[in-house]
């Protein structure tokens, strides 16, 4: 039977059958945000995040994070584990989503920012090995940033959605598919920036494929 543990500010962490508090520890910071500490490799966590939440520690598999912040609130989801496999982060609320992936081998990550008009942000930090990720950014002025030290394996994709003024920033090398790139959007790779017009006119960007909207 699943066990529900309360986090901060209305967040619940649901442990599946067979997973105990010896494997997963829940703490609440002074700001009311939740920290989920993975003490042993764990599968099947369900995090219902009503506010900012960090997942830290050892390997997680098949973890879901459902964000339900209110309009006008920003929710920061942090992944800082050794391995994150088949993790899904979905914004089901009305507030903006920020995702910071700080460490580890991250395979099959899905981020669905929802389809409401808001400014969402995804940052993949330098120490991450990213394998076959899928980012659906939806409406609004969204930003996706990949640090210079990110290692790409397989092919990751960024769907910029309809509308908005979006930015994709790649500080190093990448293997990436970008779709729904509009006339308002920009792609920055290292010191070079590319517009809709540049790409339409045949600009070639090593490792990156761009489909125009």
> Taking only pairs six or more apart or across chains, which ones have beta-carbon atoms under 9 Å, a first residue in the stretch 111-124 that is on the phi > 0 side of the Ramachandran plot, and a second residue that is assigned to a strand (DSSP E or B) and buried (at least 22 other Cβ atoms within 10 Å of the Cβ)?
Replying inline: 114/67; 114/91; 114/97
> Does residue 57 fit the bill of being buried (at least 18 other Cβ atoms within 10 Å of the Cβ) and at positive phi?
Replying inline: yes
>> Let me spell it out: the conditions are (1) surrounded by fewer than 17 Cβ atoms within 10 Å (Cβ to Cβ); (2) on the phi > 0 side of the Ramachandran plot, and residue 92 meets all of them except one. Which number is the exception?
In response: (2)
> Of all the residues that make up the stretch 4-63, how many are outside any loop (DSSP other than H, G, I, E, B) and either farther than 19 Å from residue 91 by Cα or touching a helix residue (DSSP H, G or I) at 6+ places or on another chain (Cβ under 8 Å) (or both)?
Replying inline: 17
>> Any residue that is free of Cβ contacts under 8 Å to residues at least 24 places away in the same chain and surrounded by 15 or more Cβ atoms within 10 Å (Cβ to Cβ) - is there at least one of those in the stretch 2-22?
In response: yes
> Which ones in the stretch 108-117 are crowded, with 23+ Cβ neighbours inside 10 Å and assigned to a loop (DSSP other than H, G, I, E, B)?
Replying inline: 109, 113
>> Being under 24 Å from the mean Cα position of the chain (by Cα) and in a strand (DSSP E or B) is the filter here; which residues of the stretch 192-213 pass it?
In response: 193, 194, 208, 209, 210, 211, 212
> Only one of 120, 134 is surrounded by fewer than 17 Cβ atoms within 10 Å (Cβ to Cβ) and in contact with a strand residue (DSSP E or B) (Cβ under 7 Å, 6 or more places away or on another chain); which?
Replying inline: 134
> Hey, among the residues in the stretch 27-50 that are over 16 Å from residue 79 (Cβ atoms) and crowded, with 18+ Cβ neighbours inside 10 Å, which one's modelled with the lowest pLDDT?
Replying inline: 50
>> With the requirement that a residue be over 16 Å from the mean Cα position of the chain (by Cα) and at positive phi, what does the stretch 141-183 give you?
In response: 154, 163, 164, 180
> Can we say residue 161 is crowded, with 17+ Cβ neighbours inside 10 Å, under 25 Å from residue 86 (Cα atoms), in contact (Cβ under 8 Å) with a residue 40 or more places away in the chain and out of contact with any helix residue (DSSP H, G or I) (no Cβ under 7 Å at 6 or more places or on another chain)?
Replying inline: yes
>> Among the residues in the stretch 173-180, are any in a helix (DSSP H, G or I), surrounded by 15 or more Cβ atoms within 10 Å (Cβ to Cβ) and in contact (Cβ under 8 Å) with a residue 12 or more places away in the chain?
In response: no
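To keep it simple, each residue is scored yes or no on (1) closer than 16 Å to residue 208 by Cβ; (2) in a strand (DSSP E or B); (3) out of contact with any strand residue (DSSP E or B) (no Cβ under 8 Å at 6 or more places or on another chain).
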position	(1), (2), (3)
77	no, yes, no
97	no, yes, no
103	no, yes, no
106	no, yes, no
126	no, yes, yes
139	no, no, yes
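The values are calculated or read from the model by the stated rules, or taken from the named source; none is laboratory data. Remember, predicted model here, so these are calculated numbers, not experimental data. Every residue, glycine as well, gets a Cβ built from its backbone with ideal geometry; the counts of neighbours run over all protein chains shown.
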